[in-house]
Amino acid sequence: MTSFSPPGEEHTEFMQWSIAQGVEINGVAPARFPGRGLGMVATRDIQANEVMVSVPISVMLSVDGIPPSFTNLFVDGIPIHGLLAAFLTHGKPEILKKYSLWKATWPTRQDFEESMPILWPEKLRESNSAHAIIPQAVDSSSITLPPSASGLWNTFRKRPLVQEYATKHQNQLAQQEKRLQAAWKGVTAVFPDTDWDAFLYYWLIVNTRSFYYVKPGEEPPEDANEAMVLVPFADYFNHKDDAQCHVEFDGQNYIFQATKSYEKGEEIYMSYGTHPNDLLLIEYGFCLQENESDTVYLDDIIFKDLTTAEKEELIFQQYYGNYQITTESGPCFRTEVAASMKCMSRRDWRNYIQGRGAVTPNSEKVNSIIRYWLEAYLKEANVTIDNLETMLKAETVDSTASKIKVLIDRWNQIKHLCNETVSKLD
């Protein structure tokens, strides 16, 4: 059983406030876990199918709960994420007072500076972002974030894309900073004297603590960041990939139901979704030690190895980009398609991917090509780990040293994933 301690008086007061607001709490409470911060723990034995927490819509903070007098100020529009942060920054104090006990339990700015790469020292967060909150002078010899987060490599320079393509789990820091700048543009158009640090803090609160919010019968937006709601008390649940907790919004309540039995004192998790560790690090400020959804992307390595004609063929056949290696499945089919192009005639390859003809790729040749690409990723991992270990030895600031250790651990996870996949290809 994981050891834990009481969370503190402010959390006890907030729990009492939540109950008074109509939140149903059944057999769970917040607790403080050594080295990990806050989480949710069972205060008694819980049976499978029990509802542990139910939060009514009336106490949630969503765009529907913001007074129209505030939302109507944004005639030129603003992302939902930015609107929620703007309301927390500029809403009337007498309205925001309702949330004061809740806000007292939120992470501090210092907590975010410790965990969120967007706020890390420049030398630890260099990326390909054109929207960096602090301008960067990129030195390609000292990239520390993984390529899925930074979009950059130490061991080679990326080639220009033949065509842009949608990619949810790559260039993550750049995507995050682009969202932040769009929100900042929207809020300063209405409140030009907005304090940057205050707005950034609330933007990060919304970013790290929101739940998915689409009412029954409504069409979900293309961008999940346009479907956000803050849910009091439920935001104590930590993430686990295979969490035994069913989460549902029925239009009136956010409901959290046990899908297994829990013993008293056991931590209870929920799943934030099937997210690789690089996304968890950038968006939430942590990595899981074990993550069945962990993924590395070979796009930049593969594009470097293909001719322009081969890349144009992949575009035409709709197999351009998003070449994944996952913990659970190894190389995805798109990766195998790209590799098979390297060892088949163009005619046979086209027939193969279109399900025509009897010729299939030679599996040994395909595996050999994928192994070559993975070895390029392993080279990147080894070079970056060496750089980080050198930085760690020279670092005199404890908080920066702890961030370097996080990155070393993450790169070792990537290295392990690549090595495991290579061993299965042999």
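Any read-out appearing in this document is the output of simple, stated calculations on the displayed coordinates, not a laboratory observation. Computed from a predicted structure; not experimentally measured. Heads up, the Cβs are rebuilt from the backbone with ideal geometry, glycines too, and the neighbour counts pull from every protein chain shown.
For residue 212 and residue 109 in the same chain, what is the full-extension length gain: residue separation times 0.36 nm, less their Cα-Cα distance, in nm? Could you put the intermediate results ahead of the total?
Working: separation 103, 0.36 × 103 = 37.08 nm, distance 2.39 nm.
Answer, rounded to one decimal: 34.7 nm.
What angle do you read, to the nearest 10 degrees and between 0 and 90, between the alpha-carbon axis of helix 196-209 and the longest principal axis of the chain?
For 196-209 against the chain, the angle is about 80 degrees.
Roughly speaking, what is the stretch gain from residue 2 to residue 350, that is 0.36 nm per residue apart minus the C-alpha to C-alpha distance, in nm to one decimal?
Working: separation 348, 0.36 × 348 = 125.28 nm, distance 5.40 nm.
Full-extension gain reported as 119.9 nm.
Let me have the 222 nm mean residue ellipticity of the chain computed from DSSP H runs of 4+ only, each contributing -39500 (n - 2.57), with the sum over all residues rounded to the nearest 500. Working shown, then result.
Details: 16 runs with 180 residues, N = 426.
Rounded to the nearest 500, the figure is -13000 deg cm²/dmol.
Pairing the Cα long axis of helix 80-90 with the longest principal axis of the chain, what angle in degrees results, from 0 to 90 and rounded to the nearest 10?
That helix lies at roughly 40 degrees to the long axis.
Write out the trypsin sites (Lys or Arg not before Pro) in segment 1-98 meeting two conditions: DSSP loop, and at most 15 other Cβ atoms within 10 Å of their Cβ. Numbers along the way, then the final one.
Details: sites: 32, 36, 44, 97, 98; in loops: 36, 44.
Answer by residue number: 36, 44.
Nearest 10 degrees, 0 to 90: what angle lies between the long axis of helix 172-190 and the longest principal axis of the chain (Cα atoms)?
40
Take the Cβ-Cβ distance between residue 393 and residue 122 as r, set R0 to 22 Å, and report the resulting FRET efficiency rounded to the nearest 0.05.
Working: r = 20 Å, r/R0 = 0.89.
With R0 = 22 Å, the Cβ-Cβ based efficiency is 0.65.
Given 393/415; 379/403; 185/240; 403/424; 97/215, which pairs have Cα atoms separated by over 29 Å?
Values: 393/415 21 Å; 379/403 22 Å; 185/240 34 Å; 403/424 32 Å; 97/215 27 Å.
Going by Cα-Cα distance, 185/240; 403/424 fall outside the 29 Å limit.
Rounded to a whole number of µm²/s, how large is the Stokes-Einstein D of the chain at 37 °C and 0.692 mPa s, given Rh as the Kirkwood radius over C-alpha pairs? All intermediate terms of the calculation are to be shown ahead of the outcome.
Values: Rh = 23.7 Å.
For the chosen part, D equals 138 µm²/s.
Could you work out how much longer the chain between residue 257 and residue 363 gets when fully extended? Use 0.36 nm per residue separation minus the Cα distance between them, nm to one decimal.
Values: separation 106, 0.36 × 106 = 38.16 nm, distance 4.49 nm.
Extending this stretch completely gives an extra 33.7 nm.
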